[in-house]
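Trainee: Encoded as structure tokens, here's the structure I'll be asking about.
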Amino acid sequence: EDVLHSFFLPHQRVKQDAVPGLVIDVWFESSQAGKFELVCAELCGWGHYKMRGQLTAEREETFQAYLKQLQATQFDDGSTLAKAGASGAQAQ
């Protein structure tokens, strides 16, 4: 809320300062699929060393298959009735 941060994806060569109170968009297109380290590149305070994340970049085909799988299971609550309805079978 009161310090600057810096969104940094070193392997993607993307860096954007984050200013408290402002929405700052950052856009990039990954040229390769994989998992990439995300860090804060601004010495922002006591917890700075713990500010780490991971970006997962997928190929378009893999991402579309993931979305299709999510859509197929979005209403699955784990019950037999829900599974029977999702497969088109009649529940007894």
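Trainee: Pairs needed: first member in segment 32-48, modelled with pLDDT under 85; second member anywhere, open to solvent by 30 Å² or more (accessible area, probe 1.4 Å); C-beta distance under 6 Å; at least 6 residues apart or different chains.
Mentor: Once the first residue is modelled with pLDDT under 85 and sits in segment 32-48, its partners that are open to solvent by 30 Å² or more (accessible area, probe 1.4 Å) give 44/3; 44/5; 45/3.
Trainee: For residue 25, are the conditions met, namely being assigned to a strand (DSSP E or B) and either in contact (Cβ under 8 Å) with a residue 40 or more places away in the chain or over 15 Å from the mean Cα position of the chain (by Cα) (or both)?
Mentor: no
Trainee: Does segment 33-61 hold any residues that are exposed (fewer than 11 other Cβ atoms within 10 Å of the Cβ) and either in contact with a His (Cβ under 9 Å, 6 or more places away or on another chain) or in a helix (DSSP H, G or I) (or both), and which are they?
Mentor: Selection gives 49, 50, 60, 61.
Trainee: Only residues in segment 49-76 that are under 23 Å from residue 29 (Cβ atoms) and without any contact (Cβ under 8 Å) to a residue 60 or more places away in the chain count as the first member; pair them with residues that are of a type in the set (Ser, Thr, Tyr) and part of a helix (DSSP H, G or I), Cβ under 8 angstrom, at least 6 apart or cross-chain, and list the lot.
Mentor: Short answer, once both residue conditions are applied: 58/66.
The values are calculated or read from the model by the stated rules, or taken from the named source; none is laboratory data. Here the structure is a predicted model, which means the values were calculated and not measured. In this analysis, Cβ positions are derived from the backbone assuming ideal geometry, glycine residues included, and neighbour counts consider all displayed protein chains. In case anyone asks, the SASA skips ligands and DNA or RNA and just uses the protein heavy atoms, side chains included. Shrake-Rupley method; radii C 1.70, N 1.55, O 1.52, S 1.80 Å.
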